Amino acid sequence: MLESYLIAVAVMCGLTILLAIVLLIADATIANCGEVRISINDERKLTVRGGQSLLATLKEEKIFIPSACGGRGSCGLCKLRVLEGGGDPLATETPWLSEDEIADRVRLSCQVRVKNDLKIVVPEQLFTVTQYETEVVSLRDLTHDIKEVRLKMVDPARIEFIPGQFIQFEVPPYDLTDEPVYRAYSIASDAGNRGEIDLEIRYVPNGICTTYVHRHLKEGDRVTINGPYGDFYLRDTDREILFIAGGSGMAPIRSILFSMVSRSISRKATYFFGARTKRDLFLLDEMAGFEKRLSDFRFVPALSEPASEDNWKGETGLVTEVLDRHVSDASEKEAYLCGSPLMIDACVEVLKGKGLPEERIYYDKFA
């Protein structure tokens, strides 16, 4: 019996080793497509090693395409036009592409494998995206699951961004990943301080980046980021503003509020912030400070499930319910939303029902 068991174990070990060898050979041969040429905007020519995704290949060439999910095909941000060599959109892409985009040969660059010569179009503004080396100067717990990370810009020493934009944070290999990965986070700080940025990062169990930040990152560590990205920013109008956010969706709106103070913008604005219980609220003193410095600004926090020990006297219910109670006619307003896709989609429906045209509803969905 023992002899049979040992033979079975030896066979299994042998098969495992053989499979590992086959995978290594496949990675070195099948995945390696040799040299591939990429034409960008009919102006720039690249010769690259084939086999990776177009997103990863361009990143190696210091051309950074926005991606909130790190190239998993779950955010839909990394869109580029692939005019030649990319084939047809995959089933993983079509949920993110409209019929017009498909007709215009738009693809998710994370889903395009660089196997053939390609002809692509990259938006000109992405060529200004820069990679930065930074240092962690402080870590602060804002709530039980949201941590503020303050990064000092090292090389280059300054960053220019529009309040509301985001960066991509690169996580080095560690327990949960064998290779560097990156995730998108909105900048939460004052654009007037170009030497540092703040990020508000919420912990997601087993999340590669959030676990690294909450469990491993230390003051003094170096972090590579790239950016800025995004078109979520305050439009230059005189309309009344509705801000709506939940959790770490606070970040870009906080940056916009700093900008409103520094630019002496006196537009009427109401900020509806949704949380579950009192322990999920944060920066309340800072919001009170904004109410003092901005003459027509009001912060309205709401708890959807206040605990008995919270002794909460403020607004209760989902943020959509609070919005519905407070806003009767939104036809002349504009809205800025940041948070989960479900929250944003629900708020958009409420706002449209209040008469707000969809083209004046701006949002940043956290994937």
Considering only residues that are out of contact with any Gly (no Cβ under 8 Å at 6 or more places or on another chain) and of a type in the set (Phe, Trp, Tyr), which ones fall in the stretch 169-184?
Phe169, Tyr174
What's the total number of residues in the stretch 300-318 that are of a type in the set (Val, Ile, Thr) and assigned to a loop (DSSP other than H, G, I, E, B)?
0
Just to check your reading of the model, which residue among Ala68, Ala28, Ala56 is at pLDDT below 85 and part of a helix (DSSP H, G or I)?
Ala28
Please work out which residue is surrounded by the most Cβ atoms within 10 Å (Cβ to Cβ), limiting yourself to the stretch 327-343 and to residues that are touching a residue at least 24 places away in the same chain (Cβ under 8 Å) and assigned to a helix (DSSP H, G or I).
Met343
Quick check on Lys152: is it among the charged types (D, E, K, R), in contact (Cβ under 8 Å) with a residue 60 or more places away in the chain and not in a loop (DSSP other than H, G, I, E, B)?
no
If we keep just the residues of the stretch 308-326 that are over 16 Å from Gly339 (Cβ atoms) and polar (S, T, N, Q), which is surrounded by the most Cβ atoms within 10 Å (Cβ to Cβ)?
Thr316
Of the residues Phe290, Phe282, which single one is of a type outside the set (D, E, K, R), within 24 Å of the chain's Cα centre (by Cα) and either in a loop (DSSP other than H, G, I, E, B) or under 23 Å from Thr237 (Cα atoms) (or both)?
Phe282
Per the list (1) touching a Leu at 6+ places or on another chain (Cβ under 8 Å); (2) polar (S, T, N, Q); (3) over 23 Å from Glu286 (Cβ atoms), residue check on Gln168 breaks on (1)
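Kindly evaluate Ile244 against the criterion of being over 22 Å from the mean Cα position of the chain (by Cα) and either of a type in the set (D, E, K, R) or outside any helix (DSSP H, G or I) (or both).
Considered against the rule, which asks whether it is over 22 Å from the mean Cα position of the chain (by Cα) and either of a type in the set (D, E, K, R) or outside any helix (DSSP H, G or I) (or both), Ile244 comes out as no.
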When Glu133 is run through (1) out of contact with any strand residue (DSSP E or B) (no Cβ under 6 Å at 6 or more places or on another chain); (2) modelled with pLDDT of 95 or more, the failure sits at (1)
Checklist (1) in the same structural domain as Asp42 (by TED's automatic domain parsing); (2) without any contact (Cβ under 8 Å) to a residue 24 or more places away in the chain applied to Pro205, failing item:
(1)
Is it the case that Ser67 is touching a residue at least 40 places away in the same chain (Cβ under 8 Å) and of a type in the set (Ser, Thr, Tyr)?
yes
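The values are calculated or read from the model by the stated rules, or taken from the named source; none is laboratory data. Since the model is a prediction, treat every value here as computed from it, not as a measurement. Here the Cβ is made from the backbone with ideal geometry for all residues, glycine too, and neighbour counts use every protein chain on show.
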